[in-house]
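Participant: Below you'll find the structure I mean.
The values are calculated or read from the model by the stated rules, or taken from the named source; none is laboratory data. Here the structure is a predicted model, which means the values were calculated and not measured. Virtual Cβ from ideal backbone geometry, glycine too; neighbours counted across all protein chains shown. Heavy atoms of the whole protein, side chains included, go into the accessibility calculation; ligands, DNA and RNA do not. Shrake-Rupley method; radii C 1.70, N 1.55, O 1.52, S 1.80 Å.
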Amino acid sequence: MDAAVIDAGDGGHFDAVMAFCNARLSRRILAGNGVAGFARPAIQASKTKKGRLFFVGVDGIKTQIIARLARGQTIRFSHTLEPTYYEQLASERRIVRMSRGRPVARFERKPGARAESLDCLTYGLAAKAALALNAAAFNQRADELRSPMPLCRHRP
């Protein structure tokens, strides 16, 4: 595995995911948070969290997935996948709604549909994009991990 993005979300597991990923940042195990917007990059380091949280441009990645699936041969799937995988992969659709007099595109989940397969594929493609990120964000953490731990001295 070259990289992974774990959804930190904004729920009760945020701190645990951040702690887990920050300890493994040099191995490119990243804490991610999906953000809407078709113009966003696939993955980008947060400026407020000192690069420890990464924003995943989910709308752009989902658009890429749909376009690749429409071509029919650009994503390979295992023959052992259950039908529910494909149902979840097709769990969202791109819609355009009017907002303040302007058309706004976004993805909307079909009522009652689960989307774990789509989310996993989205975050997997974000992890692939993370491989092209500037290595400076990872080098600093790698240097921290390589430095020797300070010795603890016991007082008599």
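Participant: Which of the residues spanning the stretch 20-34 are within 24 Å of residue 63 (Cβ to Cβ) and open to solvent by less than 30 Å² (accessible area, probe 1.4 Å)?
Facilitator: Correct list: 30, 31, 32.
Participant: With the structure loaded, tell me whether residue 100 is in contact with a helix residue (DSSP H, G or I) (Cβ under 8 Å, 6 or more places away or on another chain), open to solvent by 70 Å² or more (accessible area, probe 1.4 Å), closer than 21 Å to residue 35 by Cβ and at pLDDT below 95 or whether it fails that test.
Facilitator: No; evaluated as a whole, the condition is false for this residue.
Participant: Here's a follow-up. Can you tell me which residues in the stretch 92-104 are out of contact with any Lys or Arg (no Cβ under 6 Å at 6 or more places or on another chain) and in contact (Cβ under 8 Å) with a residue 24 or more places away in the chain?
Facilitator: 94, the sole residue that qualifies.
Participant: Right, something else. For the stretch 82-90, indicate whether the set of residues that are open to solvent by 30 Å² or more (accessible area, probe 1.4 Å), of a type outside the set (Gly, Ala, Ser), part of a loop (DSSP other than H, G, I, E, B) and at pLDDT 95 or above is non-empty.
Facilitator: Looking for residues that are open to solvent by 30 Å² or more (accessible area, probe 1.4 Å), of a type outside the set (Gly, Ala, Ser), part of a loop (DSSP other than H, G, I, E, B) and at pLDDT 95 or above, one finds at least one in the stretch 82-90, hence yes.
Participant: While we're here: Limited to the stretch 3-21, what total is found for residues that are of a type outside the set (Asp, Glu) and touching a residue at least 60 places away in the same chain (Cβ under 8 Å)?
Facilitator: Total satisfying the criteria: 4.
Participant: Same structure, new question: For the stretch 91-130, which residues satisfy the criterion of being in contact with a Ser or Thr (Cβ under 6 Å, 6 or more places away or on another chain) and assigned to a helix (DSSP H, G or I)?
Facilitator: The answer is 118, and nothing else.
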